[in-house]
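The values are calculated or read from the model by the stated rules, or taken from the named source; none is laboratory data. Just so it is clear, the model here is predicted, and its values are computed rather than measured. Note that we place each Cβ from the backbone using ideal geometry, even for glycine, and neighbour counts take in every protein chain shown. Heavy atoms of the whole protein, side chains included, go into the accessibility calculation; ligands, DNA and RNA do not. Shrake-Rupley method; radii C 1.70, N 1.55, O 1.52, S 1.80 Å.
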Amino acid sequence: MDKIFKDLNEAQVNAVKITEGPLLILAGAGSGKTKTVTSRLAYLLDVVGIAPANTLTLTFTNKAAKEMRERALAMIEPTSYPPLLCTFHKFGLLFLKFHIHRLGRESNFVVIDTEDKKRIIKKINSDLPTPLIASEISRYKNSLISPNEAYIQAELKNYKQIAKIYEEYEAYLLENNLVDFDDLLALTYRLLDENEELAKQTSDKYQYIMIDEYQDTNELQLKLLQKLCTNHNNLCVVGDDDQSIYGWRGAHVRNILEFDQDFENASIIKLEYNYRSTEPILKVANALIEHNRGRLGKKLIPTRGTGEEILTLSSNDENEESRKIAQKINELINKGVSPNEIAVLYRINALSRSLEEGLNRSGIAYKLVGGLRFYDRAEVKDLISYLRVITNHHDNFSMKRIINKPKRGLGKASIEKIELAAMAQDISMFDFIVKSSLAELELLVRKKNAQTLKTFIKDIQETRETAEYATYGFIDVLEERFKLKNIYINMPDGSERIQNIDEFYGLFRDFIKQSPEATLDEFLNELTLQSEQDQIEGESIYIMSIHASKGLEFNHLFIIGLEEGFLPLVGDGSDLEEERRLGYVSFTRAKDTLTLSHAASRFYKGRRTDLQKSRFFNEAGLSEGSLRLEKNTAFKKGDLVRHKIFGAGRIVGVSKAGREFKLSINFGGNKRDILASFVEKL
């Protein structure tokens, strides 16, 4: 028992001791969430006496599951049967192994990975972009939509086609006894939904359920949990509504905001003591997140005392910004700070380009976490390959990369035939296509493809004529002729890839602006120098997107790109409240120092654009001015209130109405919109 409660604060102790009924542990950043969860599991096993087999703890990553299991078991007496602590999908896999026969399927099924899934889809249909089809099928499964329902719902021709592909894909999986990643949860839910007795038996088996990172759950995971709680309501979820940043991949922040509506008579315990960051860092994080309306409400309380104030860097452009960041990092390293205690974050991956080049120029070794270096990204490599073929027709390597990008109907076999024929004549693929007649090409590829190849070569030659004087507008000619952005329009990550293309186009324009007499060859040589990081011995700093930083912490943190349009990202279906949560997550990664950087201009959609400083500076209390937003209403979603006519009710939504706040309130099943000044808190 001493081991279990050692170093826990009062709120953590209360969370550990509440074992019966629904419990939401609202755990702020750096508040000892993992320690609380593992202590609670140890308490259930070692003090309450719950059999390990009757507990189920679900996480989102294998790494988190492994860490929790080790920490919980270290607090208790050794047990022959360790508790089941795994990811949602691992649980689904184990469940299906025992019960998939109820769906008329064999238990020796094989789980396919993402690449297998794409290969199957491509075999069924190669006209529509495979990533788009794969993403839509995943969305259908997570929304429990059958192929037939998907077809009925589809309004656009393309989506009716996707629904038909989905039907064929499902038939292929069934015929070959395969399941994909999404099936692990979708089929598990289907079994529990269609077999009431099985749902009861499973609920009886797992009498105490805990869920980590609950703010990241989606609709299907919520429904699955409700089935697992068929015979009891002993569900403990741990999460932070202020760190819900995965709405773009299906996570529903409403799951945590409305937990007490999904599971009646829920207890809520807030973990607000922060053991990670100094007071100035928490002050700006608290101030920023207070502007969100859709949150349960909590405040991070510092335990580490005062520290250095937040530093703001103002630069004219991204190149000056990267120089300043590199200078600050070198100052820290020269003071004896280990490089791996330093990180730089950004909201948009395209911003890494100037940062990487600035670090390279300053000789600072870096590791890019959870992504590819700018010049290693496929869409950027394609662009560079186009430029190389335009300047050097003999570059077969680059030619093979672009000959079917965008798609020109050329398969791998056709490309190999052209390459072999060119090698036989000891000339480049480009020259082979130039000198061959249509009739000669038709011996190697289909008639239609032979004409396509001739057109492609003509386009390259005409673009080369523009490139000989490397004008500012050359890049517009390249895009207009080859329409490289169109490759990515329908891809799930298409907008990000197009941003990277725009960043590259902007880089080219800036190069020509700085060196009007430069050639395309000189531009390519400059790229080669910039894209190769020196192999510097020793440790590295980390650079990554804010999304990749979640769950990590660093002594010294820099955040770049705090401008309107970058952080927060505005337009394109972005959610300002989620953007604010991203800001909050990024601030709370810092332990000792936090530096926030903004630039007056950047490349935006391929052009240099003047930018406004992010509203987050004002909202976090870091700058004064008319842009400062007023503080949130005292009422939050989930609050109980009383109205003099309608009686007691619970707030289900908060919105702005002129100078007032309008509250959507559920009065015993009747929802009404009431101005905040007409109710009082209970």
Checklist entry - Tyr246 passes all but one of (1) in contact with an Asp or Glu (Cβ under 8 Å, 6 or more places away or on another chain); (2) open to solvent by less than 60 Å² (accessible area, probe 1.4 Å); (3) within 22 Å of Ala53 (Cα to Cα); which number fails? => result (3)
Checklist entry - Would it be correct to say that Ser146 is hydroxyl-bearing (Ser, Thr, Tyr), surrounded by fewer than 19 Cβ atoms within 10 Å (Cβ to Cβ) and over 23 Å from Arg102 (Cα atoms)? => result no
Checklist entry - Which residues, taken from region 33-50, are in contact with a helix residue (DSSP H, G or I) (Cβ under 8 Å, 6 or more places away or on another chain) and of a type outside the set (Ser, Thr, Tyr)? => result Lys35, Val37, Arg40, Leu41, Ala42, Leu45, Asp46, Val47, Ile50
Checklist entry - So which pairs qualify, if the first residue must be in region 605-622 and touching a residue at least 12 places away in the same chain (Cβ under 8 Å), the second must be of a type in the set (Gly, Ala, Ser) and part of a helix (DSSP H, G or I), the Cβ gap must be under 6 Å, and the two must be at least 6 apart or on different chains? => result Gly606/Gly506; Phe616/Gly583; Ala620/Ala287; Gly621/Ala287
Checklist outcome for this item: Filtering region 489-508 down to residues that are open to solvent by less than 10 Å² (accessible area, probe 1.4 Å) and either within 25 Å of Thr455 (Cα to Cα) or not hydrophobic (A, V, I, L, M, F, W, C) (or both) yields Gly494, Asn500, Ile501, Tyr505, Gly506
Checklist outcome for this item: Checked region 55-75 for anything in contact (Cβ under 8 Å) with a residue 40 or more places away in the chain and among the β-branched types (Val, Ile, Thr); matches are Thr55, Thr57, Thr59
Item to check | Options Ala42, Ala29, Ala11: the member that is under 30 Å from the mean Cα position of the chain (by Cα) and crowded, with 17+ Cβ neighbours inside 10 Å | outcome: Ala29
Item to check | Residues satisfying the stated conditions in region 215-243, i.e. within 16 Å of the chain's Cα centre (by Cα) and open to solvent by 10 Å² or more (accessible area, probe 1.4 Å) | outcome: Asp216, Asn218, Gln243
Item to check | Residue tally, condition assigned to a strand (DSSP E or B) and not charged (D, E, K, R), over region 268-307 | outcome: 7
Checklist entry - Between residues in region 32-49 that are within 16 Å of Ile269 (Cα to Cα) and of a type in the set (D, E, K, R) and residues that are open to solvent by less than 60 Å² (accessible area, probe 1.4 Å) and modelled with pLDDT under 90, which pairs lie under 7 Å by C-beta distance while being six or more apart or on different chains? => result none
Checklist outcome for this item: Filtering region 121-136 down to residues that are among the aliphatic types (A, V, I, L, M) and open to solvent by less than 30 Å² (accessible area, probe 1.4 Å) yields Ile121, Leu128, Leu132, Ile133, Ala134
Checklist outcome for this item: Within region 322-339, the count of residues that are touching a Gly at 6+ places or on another chain (Cβ under 8 Å) and under 30 Å from Thr609 (Cβ atoms) comes to 4
Item to check | Filtered residue count, region 447-488, keeping only those that are open to solvent by 60 Å² or more (accessible area, probe 1.4 Å) and outside any helix (DSSP H, G or I) | outcome: 4
Checklist entry - Just wondering, is there one or more residues in region 248-261 that are out of contact with any strand residue (DSSP E or B) (no Cβ under 7 Å at 6 or more places or on another chain), at pLDDT below 95 and on the phi > 0 side of the Ramachandran plot? => result yes
Checklist entry - Right, Leu185: at pLDDT 95 or above and open to solvent by less than 70 Å² (accessible area, probe 1.4 Å) or not? => result yes
